[in-house]
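Heads up: the structure comes next, in structure tokens.
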């Protein structure tokens, strides 16, 4: 058999050859020969599927209401109205969010891409991120040819280096920084925005769009949505993939100034969400009280697992405002190698965690999964 030679595809953008794509971490077998059950505590999903009754209701909607030969609701009107009601009800203030302030995307990733297209593409600007953080901010920018300016976070509490961030904004001229990404709480480190970070965001020029990623809002209960009316240059991103248990359906949304939302609607792809995903998102919002009732257990389990991991002498564990824990191995010559090896050993025993951002991100699973995670990490590190 003749193996074809590698073609030279000169029409591809040369800078993409060095792009490090986002790598999903699916669960599955620890090896090719030994098949074992894997505790998937690496992607910050809910450990619980939708209740069978809700899945049955959704399946019946597919049978009775959804026409496979027809395009979905391209305007997302019903879902936008439901999201606006939910966001408004979750605020402790008298602020009301309108459907005109909502844009729905195929996960938050599509919304991030739309934001970059609307602000920076074609040499219009660059973005500012603080590492470690969610890698897709930088990856999406690179795929669009947008420069990424990176500053560091404190090694103590992972607060953004605000002096460096401000200097970067003042010094970056060609192209200037147009978008700043702030995460509330941050992934993978789990820390919510501090008072100093919030004040810095409020001080930024209205020429800069501040994207506040609140993917873990339901766990942290920290939000800046009530301030959006005062800051038309802010936009909040959220997702149905975590607390609402719809990771398979890929539904995210943005909350912002109506003019910004109109632009995001203009640049997004038509019919960007399938009918079944739109139906699923509306369904879980209708049943949000029962679905979100498990959050209290998740938070209790997070604190319990944190105590177990903190007792491991070689592991430094940080406080988290999300449904995951961030830790690093200390006291060894090569911490990165030690953490990479730990991830492999844990996977062989049936626990899959993520090595990212110079540390270990451990999602909170079911009580049984958390017990096994704590036991296995204690055994391997002591």
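Derivation of every value follows stated rules applied to the coordinates shown; laboratory data play no part. Note that this is a predicted model, so its numbers are computed, not measured. Virtual Cβ from ideal backbone geometry, glycine too; neighbours counted across all protein chains shown.
Structure notes:
- Helix-only mean residue ellipticity at 222 nm for the chain, each DSSP H run of n ≥ 4 adding -39500 (n - 2.57), per residue, nearest 500: -11000 deg cm²/dmol
- Residue order for 55, 347, fewest other beta carbons within 10 angstrom first, comes to 55, 347.
- Unit Cα scatterers, Debye sum, the chain: log10 I(q)/I(0) for q = 0.11, 0.15 Å⁻¹: -0.86, -1.46
- Which of 238, 153 has the fewest Cβ neighbours within 10 Å, and the rest in rising order: 153, 238
- Beta-bridge orientation, the chain: approximately 55 percent antiparallel, per DSSP, counting only bridges with both partners inside.
- Burial ranking of peptide ranges 102-110, 284-292 (average Cβ count within 10 Å, highest at the top): 102-110, 284-292
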